[in-house]
Amino acid sequence: MTNAPAERATALLSTLNADQVLTAMHAQPWDTPVPLAARGTLPAFPAHALPAWAGEFTAALAEETQTPVDLAGCIVLAALSTAAGGRALVNVRGSWCEPVNLFVVVAMPPGSRKSPVFRAIVAPLQAAERALQEQVRPLITEAELARKVAQESADKAARMAASARGDSAGDALAEATSAALAVDSITVPAEPRLIADDITPEAAASLLAEQGGRLAVLSAEGGIFATLAGRYSGVANLDLFLKGHAGDLLIVDRRSRRERVDHAALTLGLAVQPDIVTEIASSPGFRGKGLLGRILYSLPTSNVGYRLIDPPAVPEQVAAEYAASLGRLVTEMYGWQDPARLVLSPEAADLFRAQRERTEPRLRPDAGDLAHISDWAAKFDGAVARIAGLLHLAAHIGDGWRKPIAADTMTAAIELGEYFTAHALATFDAMGQDPGVEAARTVHAWLTKARPEHFTRRDAHRALQRKFKKAADLDPAFDLLEQSGWIRREPDPTTSRGNPSPRYAVHPDLHRTA
């Protein structure tokens with residue numbers, strides 16, 4: 001059975017020219033548009049979830065620098081990880097233990113004052129690093145001198161053994177062997193290092209081994225990702241970062257020596273531009289080998305253009321308490337060779353069990369909202385345990401290993417975990433997002449705010465030229481919005497000269513008042 005009205009409409013349209021078709025379509029009533037799956041507003045970093053000395057500094061620094069609290073909050077977490085990473089672990093249950101080192105990446109556009117925030121947060125770590133170096137420098141000098149003297153004795157004994165003959169040869173060889181062993185027994189302490197910045201994976205592996213398996217890569221740039229992707233070697237090298245997050249065995253073979261770290265603990269704290277986040281998704285192996293699934297992401301909304309000109313500075317007492325507390329945490333945890341084992345209180349264990357029960361259905365392939373980022377979500381609960389351990393140690397500097405992790409600490413860690421989950425969903429969405437969809441979202445947001453009944457391509461370009469260099473760059477967005485039913489192309493005016501800017505009608509849902 002044929003559809004006569006539809007056939008007649010099709011036949012009519014076939015007789016019209018392009019402008020007449022547009023006019024006929026414009027006369028039709030609007031259908032319900034197809035949603036663009038807008039991300040919505042992401043949650044702000046819950047600074048109150050941090051221990052008071054860290055949370056107050058985070059909020060005050062964000063106010064002084066007029067930056068989103070997310071930036072300071074995430075880098076403060078990385079600073080706590082730098083202080084305690086590799087020196088403690090959380091015993092969740094049975095053999096399940098989580099080290100307390102984190103990988104944190106904050107993405108913000110240029111001009112967002114990432115560097116000043118970074119410097120303020122990392123400065124106490126650098127001061128603590130210098131203090132540790134001053135403490136160990138006399139020991140280094142003493143050990144180097146003792147080794148030099150022992151080496152000279154060993155060299156002399158070796159020469160005597162080489163020239164000895166007869167009955168004295170055996171004794172001379174034994175003395176030379178003993179002298180050589182004495183040299184090997186003298187260990188020169190490594191100069192303490194907490195932080196690296198622009199470093200290759202190979203150099204980081206050696207430095208990590210030298211530092212007893214603990215190191216932090218902290219930077220206000222994202223160059224480390226290009227290095228990992230093979231900027232210098234041409235070959236991606238992710239093993240250090242994969243093992244350094246999981247606490248796995250790391251063996252570094254060099255021509256002159258072989259280094260071994262039984263439980264590598266690497267911290268990553270970066271403030272990068274948003275383009276870096278989308279670029280790493282296409283880097284070979286970054287997702288397939290699991291690196292992207294190990295990172296806690298933050299995509300704060302830029303407040304550039306809305307910042308106060310003369311905001312209040314961080315109160316001196318708040319800054320001093322932050323610096324002193326972070327320095328103490330470094331000093332207290334630095335000497336731990338075997339990691340301190342933190343346990344959960346019964347109440348915290350119950351909360352964490354309930355958290356895992358909520359997470360599991362979200363991973364289901366058929367209906368779980370985290371199924372498409374299962375590589376990240378599968379490590380989500382482990383990240384919550386790690387955060388709980390860091391918050392606990394920061395709240396109980398000096399004796400945290402003697403106390404179980406309390407329920408309120410676990411509640412704070414779960415809140416932070418939910419924050420990072422929302423931002424991970426948006427991040428992975430951006431990583432795999434079709435540029436046309438992203439552009440359509442931008443135009444849709446402008447239409448929602450400006451509420452025009454009609455607009456031209458020139459109008460849209462004037463309003464959005466910071467994101468779209470050329471007016472033609474908007475065309476993919478217009479095509480998708482038109483296909484989705486949000487806008488309609490209108491006929492070009494018959495009296496206009498030259499090439500008129502394409503004109504569009506806007507769906508009533510976007511311009512009519514409630």
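So what's the net charge close to residue 165: Lys and Arg +1, Asp and Glu -1, counting the other residues with Cβ under 14 Å from its Cβ?
Combined, the nearby Lys, Arg, Asp and Glu give -1.
Working out 0.36 nm times the residue gap between residue 197 and residue 415, then minus their Cα-Cα distance, what length gain in nm do you get to one decimal?
Full extension of this stretch gives 75.5 nm more.
Are there trypsin sites (Lys or Arg not before Pro) in the stretch 433-494 that DSSP puts in a loop and that have at most 14 other Cβ atoms within 10 Å, and which ones? Can you show the working numbers first?
On the way: sites: 441, 449, 457, 458, 462, 466, 467, 469, 470, 488, 489; in loops: 466, 467, 469, 470.
Answer by residue number: 466, 467, 469, 470.
Which length gain, in nm to one decimal place, applies between residue 320 and residue 438 when the Cα-Cα distance is subtracted from 0.36 nm times their residue separation?
Once the chain is fully extended between residue 320 and residue 438, it gains 38.1 nm.
Kindly provide the GluC sites (Glu not before Pro) of the stretch 399-498 that DSSP labels as loop, not H, G, I, E or B, and whose Cβ sees at most 15 other Cβ atoms within 10 Å. List each step's numbers first, then the result.
Details: sites: 415, 418, 438, 453, 482; in loops: 453.
Hits after loop and neighbour filter: 453.
On a 0 to 90° scale, report how tilted helix 407-431 is relative to the longest principal axis of the chain, with both axes built from alpha carbons and the result rounded to the nearest 10.
On a 0 to 90 degree scale, this one is about 60.
When a/c is below 1.5 the answer is rounded, else prolate if a/b is larger than b/c, else oblate, so apply that to the stretch 249-344 with a ≥ b ≥ c taken from the square roots of the Cα gyration tensor eigenvalues.
Oblate, because a/c is 1.5 or more while a/b does not exceed b/c.
Testing the spin-label approximation: label points 7 Å from Cα along Cα→Cβ at residue 30 and residue 469. State their distance in nm.
Each label point is offset 7 Å from its Cα along the Cβ direction, giving 3.4 nm.
Restricting to the chain, compute how many DSSP beta bridges are antiparallel as a %, nearest 5. Please report the intermediate quantities before stating the final value.
On the way: 14 of 35 bridges.
Of the beta bridges lying entirely in the chain, close to 40 percent run antiparallel.
Return the calculated 222 nm mean residue ellipticity for the chain, to the nearest 500 deg cm²/dmol, obtained by summing -39500 (n - 2.57) across DSSP H runs with n ≥ 4 and dividing by the residue count.
Result for the chain: -16500 deg cm²/dmol, rounded to the nearest 500.
Please go through the stretch 171-232 and write out the trypsin sites (Lys or Arg not before Pro) that DSSP classes as loop and that have at most 16 other C-beta atoms within 10 Å.
Listed in order of number, the matching sites are 193, 231.
Normalised by the residues of the chain, what does the relative contact order come to in percent, with Cα pairs under 8 Å and at least six apart?
21
Give the angle, between 0 and 90 degrees and rounded to the nearest 10, that separates the Cα long axis of helix 346-359 from the longest principal axis of the Cα atoms of the chain.
40
Between residue 356 and residue 492, what FRET efficiency comes out of the Förster formula 1/(1 + (r/R0)^6) with R0 = 56 Å and r the beta carbon distance, rounded to 0.05?
Rounded to the nearest 0.05, the efficiency is 0.40.
Separation between the residue 449 and residue 372 pseudo-spin-labels, each 7 Å from Cα along Cα→Cβ, expressed in nm?
Once both label points are built, they end up 2.5 nm from each other.
Taking Cα centroids, how far is the stretch 437-514 from the stretch 182-218 in Å?
The distance from the Cα centre of the stretch 437-514 to that of the stretch 182-218 comes to 56 Å.
Could you give the nm distance between label points at residue 249 and residue 137, where each point is 7 Å from its Cα heading toward the beta carbon?
Result for the modelled spin labels: 3.9 nm.
By how many degrees, between 0 and 90 and to the nearest 10, does the Cα long axis of helix 52-65 differ from the longest principal axis of the chain?
Result, in degrees: 50.
Cα gyration tensor of the stretch 159-224, axes a ≥ b ≥ c as square roots of the eigenvalues: rounded (a/c below 1.5), prolate (a/b > b/c) or oblate?
Prolate is the answer for the stretch 159-224, as a/c is 1.5 or above and a/b outweighs b/c.
Test of understanding: given the chain, find the longest segment containing no chymotrypsin sites (Phe, Trp or Tyr not before Pro) that are in a DSSP loop and have at most 12 other Cβ atoms within 10 Å.
Numbers: sites that count: 232, 306.
Within the chain, the longest run free of exposed chymotrypsin sites (Phe, Trp or Tyr not before Pro) spans 1-231.
Read the figures in this text as sums done on the coordinates, not as results from a lab. All of these numbers come straight from a predicted model, not from anything done at the bench. Note: ideal-geometry Cβ built from the backbone for every residue, glycine included; neighbour counts use all protein chains shown.
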